[in-house]
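Novice: Before I ask anything, let me first share the structure, which is written out below as C-alpha cells.
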Amino acid sequence: MILATSLTVLGAVVSLVSSCAARPPKSESALLFGTQSAPPQVDASASEPADRGWLARTIHILHAGRRTTQEDVIRFVGRPKGEVVDELIADSAFASMVLDFGMTFLGAAPQPNRELGSFLRSYDPRNVFDSTNGTPLHAAVQYAVGGEFFSLLDQYPASYVLKLLPPERNPEIYRKDYGLPDLGDLENLLTGTDSSIRRAIIVYLASRVESLKTRFEEARQQPGGDEKALTFLCSDFRQSSPKSPAGPLGPLAVETSRFRAAGTLMGLQGWFTEIFAQSGSGFFEACDPETQSSIGGRLEAVNRSFAKVSDFLKRAPEILADLEERSAKAGAGLASLLPVDLRQFPKSSNFDLSFPVESGPLGFNFYQSHPNSSTNFNRKRAAAVLKRYFCDDLIPLQVVLPSAGLGHAEGRHASDPACQSCHYKLDPMAGFFRSRGVVGLEFVNPNEEQRRFLEESRKDLRLPPEIPVGQFLVFDDQAVVSRDDLDRYLGSWRFSSSTNKPAGAEWNVGFIRSAIQPEQND
C-alpha cells in the first residue's frame, strides 16, 4: 500500500522502459526491480529507430533531468530504442538518478549537480544510523548488482566499503612520511602479494598497540603511577592531533596518525584508517581535559579501549581476507561497494553500537529531523510519515485554518472542525510513536540494550533515581512525563468503550481511511 501510493517518479521510468524495448532477462533495465528471471516482454517499439525528440525526453528522464546536449542526441539517433534504453540505464548517471530518487523518497534533499563518484568519496560507511545515506545507497547498490530495489525500505541496511586498492609499494613513503620504519625486510615485503603486505601492516600495528600498553603499565608501577601513566598517555593530546598546528603530540596522537597512514597505504580508502580513533573512544574520554571522570574511571576507559583495539586487530586478517576476495570480483561505480556485515565486528570492537536507535527509513535521522515535544504529541512525525509514504500532505481544501496561538497544538484532538479534518488522520498515526522520546529512544517497552542505555543516561536526562525505567518518557524538548502523567499521555491513544472499537484492539492507532467505518482502517 505504501509503495503503491509513493513510487510515482520511478513509475514513470518503468513505464518508459517497459514501453520501448523487449530485452533478454539479464538486460540492464531489468536489474532495477530484480526481474532478471522473469520472461522478457515483447514490444514491437523496441526495434523502432530513435528520433531526436524521443531521445531528448528519454535522456532527461533516465539521467535525472540533466540537460541533454546535441552530441548526446546525435550519438543515439537511428539506433533501436531498446538498445538506447539499455545503454542509458547502464550509465552511472542512471545509478545517480536511482540514488537521488531514494534520498528524495526518504525525505532528504537530492543533489542533482553532484556526480555519483563524489557521493561515494564522501560516504561514511561507519555512519550506520544515517538513513538518508544508508538505505538509498543500499537500494541503488542492489539495483547495480541485480538485487531488489525495494530494499530502500529495509530497517537494517548494509554498511558498505569501497573495494580495496593495491597497497602503496614505495618504501620511502613507509619510512619517512608516515613513520612506519620498523616493518621487517621492507623491500622484500613490498615485492610480495597485496595480502602479505596487509597482514604485515596489521602485525606491525598490533605490536605498536602492545608496546604502548606495556609503557602505560610500566608508568603505573612508578610512585603516583596512575596519574603519571595517564599523563604519559595523554601528554599534549589533541583529538585532531595529526593536523594540530603546534605542540608535541602525545603517544596516542602519534599512534592514531600511524593507523590512519597505515590504512591508506593498505588501500582501504578511509575505512581502516580510523580504526584506532573509533576503537579508542575510551582513550579520548580519558584524555579529554573537560572530562569529569575520576582517576579510576579514566583508567577503566583506557583499558576498555586497549581491549577494543586488540580485539579488532585479531579479527582484522579474517575480515580483510573476505574483503579482498569480494574486491577482486567487484565492478566499477556502485558495484564496487562491498556490503559489510557489522556482526563481523564484536560489540567491544570498532563498531560499538552503544546508542540503541534503529537505522533504516524510520531511524536516527528521521527522529532527529522530526522531533517531538510535550505539546505536539508526535504529530510532526505522523505528518512526515503520511506525506512521505502515503502522499497525504494533510492540507484541507477550502478551509480557513486557525491562526497561530489559538490552541491548535494543545490537547490530542483539536475541537475546531478545520483542525479535526486533519487530526482524525494525524493523531492515530502519531500513536505509532507514543512510546518514543528524544531522538527516537524507546522509553516504555525498552529491550535489554535500551534499558541499560537509559539507566546509564539518567544524569544526562535529569531523571531522579527512584523512577524506574519504563515509567518515564523524555521528549526532544527535554520535558519529562512519568508514572501517572505517563499513563494519561499513553491513554490518549487507548480505545475507550465505543461502537467503533475493533474486537480485541487496545490502541486506537493506524492509517485512517474512514472515521465512521473502522473496518476500512489499517
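Rule-based calculations on the coordinates, nothing more; no lab input. Values in this document were obtained by computation on a predicted structure and should not be read as measured data. Reconstructed Cβ throughout: ideal geometry from the backbone, glycine too, with neighbour counts over all protein chains shown.
Novice: Given the pairs LYS308/LYS329; LYS380/LYS425; LYS163/LYS213; LYS81/LYS329, which span a C-alpha to C-alpha distance of over 21 angstrom in this model?
Specialist: LYS308/LYS329; LYS163/LYS213; LYS81/LYS329
Novice: Quote to one decimal, in nm, the extra length available between SER294 and ARG483 on full extension: 0.36 nm per residue of separation minus the C-alpha distance between them.
Specialist: Gain on stretching SER294 to ARG483: 64.7 nm.
Novice: Mind ordering 222-235, 88-101 by average Cβ neighbours within 10 Å, highest first?
Specialist: Final packing ranking: 88-101, 222-235.
Novice: If R0 is 45 Å, what FRET efficiency do you get for ALA206 and ALA384 from their C-beta distance, rounded to 0.05?
Specialist: 0.45
Novice: Using a Förster distance of 51 angstrom, determine the FRET efficiency expected from the C-beta separation of SER496 and GLU456, and round it to 0.05.
Specialist: Efficiency, from the Cβ-Cβ distance: 0.85.
Novice: Placing +1 at every Lys and Arg Cβ and -1 at every Asp and Glu Cβ, with all other atoms neutral, what dipole size does the range 157-226 have around its Cα centre, in debye to the nearest 20?
Specialist: 200 debye
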